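> Submitted below is the structure of interest, expressed as structure tokens.
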4 protein chains.
Amino acid sequence: MSLPAEFHEIAKRVNNWGRWGAADEIGTLNLITDEVVREAAATLRTGRRVPLAVPLHQDGIQTGMIPGRVNPLHTMVAVNMEVFGPGTVATSDDAVTMGLQAGTHWDGLGHVSHSGRIYNGRPADSITAHTRAAFSGIEKARHIVSRGVLLDVARAHGADRLPEGRPVTPEDLDAAEELAGVKVRSGDIVLIRTGQIQRCLAGEKEAYAFPSPGLSVRTPEWFHARDVAAVANDTLTFEIFPPEIEDLWLPVHALDLVEMGMMQGQNWNLEELAAVCADEGRWAFLLSATPEPFTGGTGSPVAPVAIL
Amino acid sequence: MSLPAEFHEIAKRVNNWGRWGAADEIGTLNLITDEVVREAAATLRTGRRVPLAVPLHQDGIQTGMIPGRVNPLHTMVAVNMEVFGPGTVATSDDAVTMGLQAGTHWDGLGHVSHSGRIYNGRPADSITAHTRAAFSGIEKARHIVSRGVLLDVARAHGADRLPEGRPVTPEDLDAAEELAGVKVRSGDIVLIRTGQIQRCLAGEKEAYAFPSPGLSVRTPEWFHARDVAAVANDTLTFEIFPPEIEDLWLPVHALDLVEMGMMQGQNWNLEELAAVCADEGRWAFLLSATPEPFTGGTGSPVAPVAIL
Amino acid sequence: MSLPAEFHEIAKRVNNWGRWGAADEIGTLNLITDEVVREAAATLRTGRRVPLAVPLHQDGIQTGMIPGRVNPLHTMVAVNMEVFGPGTVATSDDAVTMGLQAGTHWDGLGHVSHSGRIYNGRPADSITAHTRAAFSGIEKARHIVSRGVLLDVARAHGADRLPEGRPVTPEDLDAAEELAGVKVRSGDIVLIRTGQIQRCLAGEKEAYAFPSPGLSVRTPEWFHARDVAAVANDTLTFEIFPPEIEDLWLPVHALDLVEMGMMQGQNWNLEELAAVCADEGRWAFLLSATPEPFTGGTGSPVAPVAIL
Amino acid sequence: MSLPAEFHEIAKRVNNWGRWGAADEIGTLNLITDEVVREAAATLRTGRRVPLAVPLHQDGIQTGMIPGRVNPLHTMVAVNMEVFGPGTVATSDDAVTMGLQAGTHWDGLGHVSHSGRIYNGRPADSITAHTRAAFSGIEKARHIVSRGVLLDVARAHGADRLPEGRPVTPEDLDAAEELAGVKVRSGDIVLIRTGQIQRCLAGEKEAYAFPSPGLSVRTPEWFHARDVAAVANDTLTFEIFPPEIEDLWLPVHALDLVEMGMMQGQNWNLEELAAVCADEGRWAFLLSATPEPFTGGTGSPVAPVAIL
């Protein structure tokens, strides 16, 4: 099997390989300039902060569908241990085992390959069990702070959440942009709300996972045209799943991560943010969402905060 | 053994139990109001961003001195796995096992107890192996964004780094404040640079750990007087170690975390930030440092970013 | 709530505290003398070996019902890594995270406490997050090799497996003993087959877990009368679950582990062994089932082998 | 770089590919027939049992020299948890993260490859991060019980332990065989004592690791000539390290595991066994050493027991 011509045509149109030099490892994060950050900070009005991460614990999002992507096993390695003798100050310490893509996370650029390549044309086999991602590891991002724009597609449809299996199209993004009264521009981080995470918050994990609304294979061109720095949403698979085109699995991943070099965020809880944006009547804000610097990571948990 | 009278006297002076109600679980983070955040954002000039976390990998900070606080074991659970058949888009996934206090981290308010109590007078035994911290778990912080102030104590001493075993005193903080030309105020997050982390960056992990400069038992009153929201520095133990007062181990932890309800950050890399602050001639900035929301966590890795 | 009088009466009758001295940490394993082992070896006829452990992998027995008891997350930390340069001998290494009670395992004597005590009257709070089981840790067993006797209760009932919720009674054990033509004696390890593990092998994990046949609260006296060294079976909970006596949860655990100091084995796959025993017409054999020596472990995976 | 002609010549002489069929995955374990086991059991005299595993805890053998091969992080996930309400029976559960090759372990046949091949000519790339070892995984061993023979090379040299850097040669094995008064024969598991593990037991972990006595590149032919089923010793690297032939790293691993299909055991504590054998004046016994059945494992912890 190989990827269809249709995929390769879109790929050609959104490809960023070499755009920031042959040595580049961070792709569209390059679009977040100091100026972009200054303008992002200038959006701040009220100072309200809204966290976007789901809690990390053993009864988390994962259902076992994706091998190895385990929910956090969070254990105490010490509980009120009086290290220096009875009656002294006591300490408690904890440890965790978890999939880096198990909760609210960023996909790093090494998370996906196609045709033997990752972003910027690097060989896919530069990722190994012991080196992990030698190129474009998640730690190369260093910091992710920019203007965030919430495109509340569910709201634009007058719905609390999109129906299962509904692709989010460029037209949906246009409509949500219109609703927000804001134009997405270079360096922005776009948050796309489908409402699907309500399923997960209600304990319906299987229903959350699949089938799910998600991004259409037509959206990468929309992101590319606007020079978006990164995109996150409130679903498990990010893109529409099962896919729109039969047997073309994960095309949005391949276009965003491999071709454009654009990081993707998944399992972001955008519910509280949607309410606050509606309340304040504005959908652009300062967004801070730096991944944990796992060396060679192909992803990382993140605790994003929108600052309004 | 019990804690000396001297400790209890300071404790009385800095105690915040009940200040934000009997139900409060976040202590001095309450001081970060919307207004504080608005003013923090107003400090932004250039838009430069400086990450403050050390890389997370197996050859990390920990030496085995603290049982259970293991460096990250970061493994690939899938490498270019063609989930949907040969020739399809391939994915790579990773997992990690690590101590939550192993790298750049926040101590949550449950990290330390004394005399059977944690912050706000809650019983220490509310922390168990299976519930973890039932009160004041790290996830209760929700978001940590405020004005950051770098107090470059090493620089104020005309040194690249403080000598081992040197306590950082209130007078040192005053001197660094003067150098910075900024007054620490309510809701600020104070970053205190000793330069000690250079030892770690140079691969001298044992020397980094111990003996180390760090905060004097006299500093909690300084933080309390200014209503600081949180404090972080660039050492393993945060406070001077071994301690100033014989047999009084971890008094600063007990005063900050238990009495004041003030979170502490450790192993923050302040070297690049110090250079940028010196370059820009200003030591106050917007700081974003939200912990990962581990339910009941007594600490969490954090990837802080200073935005100038 | 407290344990009913009925429980305490049985407890009194089977209690072994002090029987092997106040310092003893291994309980009924003391009954496996050199002579017992010599006689066990003398049972060997054909030399056939039958393994009794279920495979260890992520799609294992656990369903998430028991918090923290996670199936193995088994990852490669190196795959064909040419450590000493290209073209040299390459190595692959793996790591695992798992609950020690997740697969085929022994419960150590510290696994259960009641009324604040573990075996031999030791305080339950001698188990802590950082010391783990200071007394009767699983490593104290050192070796477990003895005569094994398969009591095939399902077969004695003319059934392939016992119905769900069926307690295994002393009378059942007598019947199975009769069928086997062997008298259980001091130092024996008794393996009790219900056939329930077939549910697990068929992928019906929830059905395997609950409701399940298992040992009646009346069996500890049977084991005590015969001075059995240890008992294992082919269920998740070992004892009948839900319990026979309302609100009296895990009484068999408390009687076996705490009162008698007798280790219990769970999730043992006795299907192949049952077939071999029936084929050879004998139900006694040499059994080798030493736990991994986790210091302070309250349990351990084990890979038992029956040698016929 | 490629492996020298010298290596390939020995390889040809000891190669077992195809010997037990093209589908075989267990190599020399095929030599342990029922008859071998019957004869092994017949060696039993006193019934004494000697455990050969080192304790599993965080302060274990590993020093960090081998990436990813981490000492056990053994934590409690529950401590005296009263699952069914206050006053009920309480349970304690534990979890572990560890390298499968971290303590006393078997190397599975997938642990090493050379020239792109593992045992029986299978492609090395059949081992992946997500499938692990698809062929010759450690779980294929099923059971390892046979006659064990202790070749106490240190004792044969009149030494408590061999000097660092001393290769164990075929002549040494002959001498130890003579001392033992036993001829190694088909299906035996040979345990070779150098005494090196004393360094580890004394807390000198670095000295234990390197430089170390170990098996000479000439020993695989000795094992092959006698049709040994498996070999274990009391060192970290098994073979002499650094190697006898410059730039020929791990040749014994490649010959034993890849060419012969013979499993290797490392970090076995043979000290107590040596004393018991000397005391009883016999060096052959029943050995039980079944690995934990990790599906696709390239190794496994093992808790071997010698039964005399």
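> Using 7 Å Cα-to-Cβ label points, what is the residue B:280/residue B:174 separation (nm, one decimal)?
2.9
> Whole-Hz Karplus ³J(HN,Hα) for segment C:234-239, in order, using 6.51 cos²θ - 1.76 cosθ + 1.60 and θ = phi - 60°, x for Gly and Pro?
Coupling constants for segment C:234-239: 10, 10, 6, 9, 6, 9 Hz.
> Can you list residues from other chains, or at least 5 along the same chain, whose modelled amide H is less than 5 Å from the amide H of residue A:300?
The list, which skips near neighbours in sequence, is A:106, A:108.
> Between chains D and B there is a rotation axis; tell me the chain D residue with the nearest beta carbon and how many whole Å away it sits.
For the rotation taking chain D to chain B, the closest Cβ gives D:97, 2.
> Would you tell me the mean number of C-beta atoms belonging to other protein chains that fall within 10 Å of each C-beta in D:52-60, as a whole number?
Values: counts 2, 7, 1, 8, 9, 9, 7, 3, 1.
Averaged over the peptide's residues, the number is 5.
> Kindly provide the trypsin sites (Lys or Arg not before Pro) of segment B:164-252 that DSSP labels as loop, not H, G, I, E or B, and whose Cβ sees at most 12 other Cβ atoms within 10 Å.
Qualifying residues, ordered by number: B:183.
> Is there a quick way to get the dipole size of segment A:6-66? I mean about its Cα centre, with the Cβ of Lys and Arg at +1 and of Asp and Glu at -1; what is the value in debye to the nearest 20?
Dipole magnitude for segment A:6-66 comes out near 300 debye.
> Accessible area of the protein assembly as shown with a 1.4 Å probe: how many percent of it is carbon plus sulfur?
Carbon and sulfur together cover 51 percent of it.
> Any idea how far the Cα center of segment B:1-65 sits from the one of segment B:81-103, in Å?
Cα centroid of segment B:1-65 versus Cα centroid of segment B:81-103: 33 Å apart.
> So how much accessible surface do D and C hide from each other in total, probe 1.4 Å, in square angstrom to the nearest 100?
Counting protein atoms only, the buried area is about 7000 Å².
> If you wrap a convex hull around the Cα atoms of the protein assembly as shown, how much volume per residue is inside, in Å³?
Spread over its residues, the Cα hull of the protein assembly as shown gives 172 Å³ apiece.
> Might you work out the accessible area of residue B:146 for me, using a 1.4 Å probe with all protein chains in place, and round it to the nearest 10 Å²?
It works out to around 0 Å².
> I need the GluC sites (Glu not before Pro) found in segment A:205-300, filtered to DSSP loop residues with at most 11 other beta carbons within 10 Å of theirs.
For GluC sites (Glu not before Pro) across segment A:205-300 that sit outside H, G, I, E and B with at most 11 neighbouring Cβ atoms in 10 Å, the list reads A:246.
> Moving on to the next point. What does the average come to when, for each residue of peptide C:101-112, you count the partner chain Cβ atoms lying within 10 Å of its Cβ? Display every interim value, and only then the final one.
Details: counts 6, 2, 3, 2, 0, 0, 3, 2, 0, 6, 6, 5.
Taking all residues of C:101-112 together, the mean is 3.
> Between copies, how far apart are the residue D:8 label points? List them in nm, one decimal, shortest first, with each point 7 Å from Cα toward Cβ, please?
When each copy's label point is compared with this one, the spacings are 4.0, 8.1, 8.2 nm.
> Given a 1.4 Å probe and heavy atoms of the protein chains only, how would you sort D:2, D:92, largest accessible area at the top?
D:2, D:92
> Run the dipole for the protein assembly as shown about the Cα centre, Lys and Arg Cβ at +1, Asp and Glu Cβ at -1, nothing else charged, and hand back the magnitude in debye, nearest 20.
Numbers: 100 positive and 156 negative charges, 1 e Å.
With only Lys, Arg, Asp and Glu charged at Cβ, the dipole is about 0 debye.
> Taking only protein heavy atoms and a 1.4 Å probe, what accessible area per residue, in Å², does the protein assembly as shown have with all protein chains in place?
So the protein assembly as shown comes to 30 Å² accessible per residue, rounded to a whole number.
> Before rounding to the nearest 500, sum -39500 (n - 2.57) across all DSSP H runs of length at least 4 in chain B and divide by the residue total; then give [θ] at 222 nm in deg cm²/dmol.
Rounded to the nearest 500, the figure is -5000 deg cm²/dmol.
> Please report the relative contact order for segment C:80-140, taking Cα pairs under 8 Å with a sequence separation of at least 6, and give it as a percent rounded to a whole number.
In percent, rounded to a whole number, it is 21.
> Also: On alpha-carbon atoms, Rg over Rh for segment D:152-267 using Kirkwood Rh?
0.94
> Along the charge dipole of chain A, which of A:65, A:266, A:84 sits closest to the positive end, that is, farthest toward it, with unit charges on the beta carbon of Lys, Arg, Asp and Glu (+1, +1, -1, -1)?
With unit charges placed on the Cβ atoms, the residue in question is A:84.
> Apply the Karplus parameterisation 6.51 cos²θ - 1.76 cosθ + 1.60, with θ equal to phi minus 60°, to every residue of segment D:284-299 and state each ³J(HN,Hα) to the nearest whole Hz, in sequence, with x for glycine and proline.
10, 6, 7, 10, 10, 7, 7, x, 5, x, 6, 5, x, x, 9, x
> For residue A:163, place a label point 7 Å out from Cα along the Cα→Cβ vector, do the same in each other copy, and report the separations in nm, one decimal, smallest first.
Copy-to-copy label distances for residue A:163: 4.6, 7.6, 8.4 nm.
> What dipole magnitude, in Debye to the nearest 20, does chain D give about its Cα centre under +1 on Lys/Arg Cβ and -1 on Asp/Glu Cβ?
Charge dipole, chain D, about its Cα centre: 540 debye, nearest 20.
> Given a cut-off of under 8 Å on Cα pairs at least six residues apart, what relative contact order in percent is computed for segment C:218-275?
46
> Short version: ³J(HN,Hα) in whole Hz for each residue of segment D:65-73, in order, from phi by Karplus 6.51 cos²θ - 1.76 cosθ + 1.60 (θ = phi - 60°), x for Gly and Pro, what are they?
4, 9, x, x, 8, 8, 4, x, 9
> Do any trypsin sites (Lys or Arg not before Pro) in segment D:81-174 lie in a loop, going by DSSP, with at most 14 other beta-carbon atoms within 10 Å of their beta carbon, and if so which?
Counting only loop positions with at most 14 other Cβ atoms within 10 Å, none of the trypsin sites (Lys or Arg not before Pro) in segment D:81-174 qualifies.
The values are calculated or read from the model by the stated rules, or taken from the named source; none is laboratory data. Bear in mind that the values here come from a model prediction, so they are computed numbers and not experimental data. When we count neighbours, we look across all protein chains shown, and the Cβ atoms used for this are built from the backbone with ideal geometry, even at glycine. Surface areas here come from the heavy atoms of the whole protein model, side chains and all, with no ligands, DNA or RNA. Shrake-Rupley method; radii C 1.70, N 1.55, O 1.52, S 1.80 Å.
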